[in-house]
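The structure appears right after this line, and notes come after that.
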Amino acid sequence: MNKLRLKYGSNMVLSIVILLGILIFGNLVLAQKPVKWDLTKSKQYTLSDKTKQVLKNLKTDVTVYAFFQNDSAKTQVQNLLDEYTALSKRIKVQFIDPDKNPSLAQKYGITDYDTTLFLNSKDDSKRQIVNSYDIFTQSQETGQNIFSGEQQFTQAIINVTEVNKINAYIIQGHNEVNSTDSLTTFKSALQGEGYSVNDLNIGQAGGIPKDAGLIIIANPKSDYTQQEMNAIMDYLKKGGKAFIMMGAENGPLTEKSINDILSNWNVKIDNDIVVDPSRNYFMDALSPVPEYGYHDITDKLESANLATVAPSSRSITYKASSSSNISIQSFLTTSDKAWGETNFNSKQASYDKNDIKGPLTLGVTISDSKTGMKIVVLGNDLMATDRVIGLEGNRDLLMNSANWLTNKTVQISISPKSLDYATVFMTGKQADYMFIVTVIVIPLVIWIIGGYVFFRRRAL
């Protein structure tokens, strides 16, 4: 009997030693190369391809001071910044309690908790502050909590390491969409992508400034003067970049300047409002959800299954260019059930012979390989306004368009991620069953099995 007990005891000790050895070896291996699985629905802890590319190409060290107290916001930001530091040794992160180290907060003008500061390590005059309200927001449409930390942090890294900023000018002075009241999010997004954004009155400036890397024209309601037209054409002929957006929310198209400019490439914005009963947003046929064509602007959106919404759009018609250096390409189209309604007074829109039959083009690009000139034409300007830019992938489409225009093909916008909370709703009976099973049945079964094994082994 003693020999048998000694045999069982030796086997048990050996098993424990082997198990401990496996655990220690496994921990040593995982410590060298940690394995992580992001099982969250919105991939909260997985960096986008854009961020990975930015970090891979980083040539300058970036210091990050995160002024946080110990709360859930700190945990979320810390998890995200850990991903950055794991991918690039050039990112140095330091979390600081502003109450314990007020001098550093004062040095950099930090006055609020939950603020993240990005500094170019070689030149701390290049810095960007990301506030908590920049990264923790709430969708106006769905009420969902949104975390846009990666979007803001990656843009901040780009901004503090970029050598030169591109000057983008929003043309004003012809009743265009008001850049101060309606385009604040659009302007902020452009600045986050590394642009310096300002308004421009062409007449008062005496033309398009030489440092203009991009001009933005958002639905002027009055015509440009001939001098202004000449200035725009002169800018484009010299390789200029223009982002033109013309929607139908103001009714019939009475302004002719834009079509006069676009006629140089046989492109025309139609005098209609697009109705798409097949692909639309919340059953609103006047808010088309266009299909993507193959294009650098939309490829990432297509692969991410990220749609865009274009309320009150006009259609665009164009002819293929006969010039080998001119390329005209459609990248947004409606379904074949859509039409361009030309009767703006109709109370019940229906297709008739005066309308434009679908599928319709809502976005085209024009490029000249000889001069470098590029134009993006959208039959919509509401997408850029604060009211609509947050819908689906609108912001991404706009930023991708601006980056394509300025050849910043590396910088493709990142969408914010929703903070999903898994909730379970149970009836009273279901809650009782859950309590009985987890608190009584399962422990009781374990006790019975354990007791049986204990007494069985004692009897040996």
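Data overview
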item: Residue that is nearest to the chain's Cα centre (by Cα), among those in the range 358-395 that are acidic (Asp, Glu) and under 19 Å from residue 241 (Cβ atoms); result: 381
item: Sole exception among (1) over 26 Å from residue 407 (Cβ atoms); (2) touching a residue at least 60 places away in the same chain (Cβ under 8 Å); (3) crowded, with 18+ Cβ neighbours inside 10 Å for residue 287, by number; result: (2)
item: Matching option when the condition is surrounded by fewer than 15 Cβ atoms within 10 Å (Cβ to Cβ) and not basic (Lys, Arg), among 251, 293, 247, 240; result: 251
item: Qualifying residue in the range 150-159 (condition: open to solvent by less than 10 Å² (accessible area, probe 1.4 Å), small (Gly, Ala, Ser) and more than 28 Å from residue 67 (Cα to Cα)); result: no
item: Count of the range 377-398 residues which are assigned to a strand (DSSP E or B) and either in contact with a Leu (Cβ under 6 Å, 6 or more places away or on another chain) or open to solvent by 20 Å² or more (accessible area, probe 1.4 Å) (or both); result: 0
item: Subset of the range 290-323 [in a loop (DSSP other than H, G, I, E, B), more than 25 Å from residue 265 (Cβ to Cβ) and either modelled with pLDDT of 90 or more or in contact with a strand residue (DSSP E or B) (Cβ under 6 Å, 6 or more places away or on another chain) (or both)]; result: 307, 309, 311
item: Answer from 323, 330 - the residue that is out of contact with any Ser or Thr (no Cβ under 8 Å at 6 or more places or on another chain) and open to solvent by less than 50 Å² (accessible area, probe 1.4 Å); result: 323
item: Residue 313 within 30 Å of residue 234 (Cα to Cα) and within 26 Å of the chain's Cα centre (by Cα); result: yes
item: Hits in the range 198-225 (condition: out of contact with any Asp or Glu (no Cβ under 8 Å at 6 or more places or on another chain) and part of a loop (DSSP other than H, G, I, E, B)); result: 201, 206, 209, 210, 211, 224, 225
item: Selection status of residue 407, modelled with pLDDT under 90, open to solvent by less than 20 Å² (accessible area, probe 1.4 Å) and not small (Gly, Ala, Ser); result: no
item: Residue 216 vs. criteria within 27 Å of residue 370 (Cα to Cα), crowded, with 22+ Cβ neighbours inside 10 Å and under 22 Å from the mean Cα position of the chain (by Cα); result: yes
item: Residues located in the range 58-75, provided they are open to solvent by less than 30 Å² (accessible area, probe 1.4 Å) and among the aromatic types (Phe, Trp, Tyr); result: 67, 68
item: Qualifying positions in the range 76-102 - part of a helix (DSSP H, G or I) and either open to solvent by less than 30 Å² (accessible area, probe 1.4 Å) or not small (Gly, Ala, Ser) (or both); result: 76, 77, 78, 79, 80, 81, 82, 83, 84, 85, 87, 102
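The values are calculated or read from the model by the stated rules, or taken from the named source; none is laboratory data. Small disclaimer: the values here were computed from a predicted structure and weren't measured. When we count neighbours, we look across all protein chains shown, and the Cβ atoms used for this are built from the backbone with ideal geometry, even at glycine. Accessible surface areas use protein heavy atoms only, side chains included; no ligands, DNA or RNA. Shrake-Rupley method; radii C 1.70, N 1.55, O 1.52, S 1.80 Å.
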